[in-house]
Amino acid sequence: MNLQINFDSIKPIYIQIAEAIEDDIITGKLNEGEQAYSQLIISKELNINPATAAKGINLLVQKGILEKQRGLSMLVTEGAKTKLIEEKRENAFMSMANELVNEARKIELSEEQIMTIIKELYSNSERSKQDD
């Protein structure tokens, strides 16, 4: 486990924990049907109160991403990855795209210029992945 938490952020730690677990599910570090990180492991690794870790985990339980299995800790639910990807597409990505378009219009970038920049960045990102 390697959750990236920014203790200087204005975003509450428990939300950062939930988002970090979501990212691990999306990237395949945590798979559906597998055991997720426990609040004790999270609290020890991050040196935080177990109640804070539990609060982050409970956010994901409420969203149906994690579930408690009797005798086990939390498990990643079936369909969690798809659910998270769809949520990010609908919320985060659309918000960023809207902001990008608004900023581009302010500085008078054309749709073609925006698309060229995005294609270059996407292509460079794919090359970086292949090099890893």
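My understanding is that a pair violates if its Cα-Cα distance is over 20 Å; which of K63/K88; K63/K83; K11/K81; K44/K81; K29/K88 do that in this structure?
Working: K63/K88 13 Å; K63/K83 9 Å; K11/K81 23 Å; K44/K81 26 Å; K29/K88 18 Å.
As for pairs spanning more than 20 Å Cα to Cα, those are K11/K81; K44/K81.
Calculate the dipole size of the chain relative to its Cα centre from +1 charges on Lys and Arg beta carbons and -1 charges on Asp and Glu beta carbons; express the result in debye to the nearest 20.
Roughly 540 debye, rounded to the nearest 20.
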Average Cα contact separation per residue, the chain, under 8 Å, 6 or more apart, as relative contact order %: 20 percent
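Using a simple charge model, +1 on the beta-carbon of Lys and Arg, -1 on the beta-carbon of Asp and Glu, nothing else, what dipole does region 80-131 show about its Cα centre, in debye to the nearest 20?
260 debye
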Table column - 3J(HN,Hα) (Hz), region 119-126, Karplus curve with 6.51, -1.76, 1.60, x for Gly and Pro: 4, 5, 4, 5, 4, 5, 5, 5
Nearby lysines by direct alpha-carbon distance to K119 (threshold 17 angstrom, same-chain neighbours under 8 apart not counted): K129
If amide H atoms are modeled at 1.01 Å from N in the peptide plane, then the residues at a separation of 5 or more from N31, or on another chain, having amide H under 5 Å from its own are none
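Values in this text are rule-based calculations from the coordinates and carry no lab data. From a predicted model like this one, the values you see are computed outputs, not experimental measurements. When we count neighbours, we look across all protein chains shown, and the Cβ atoms used for this are built from the backbone with ideal geometry, even at glycine.
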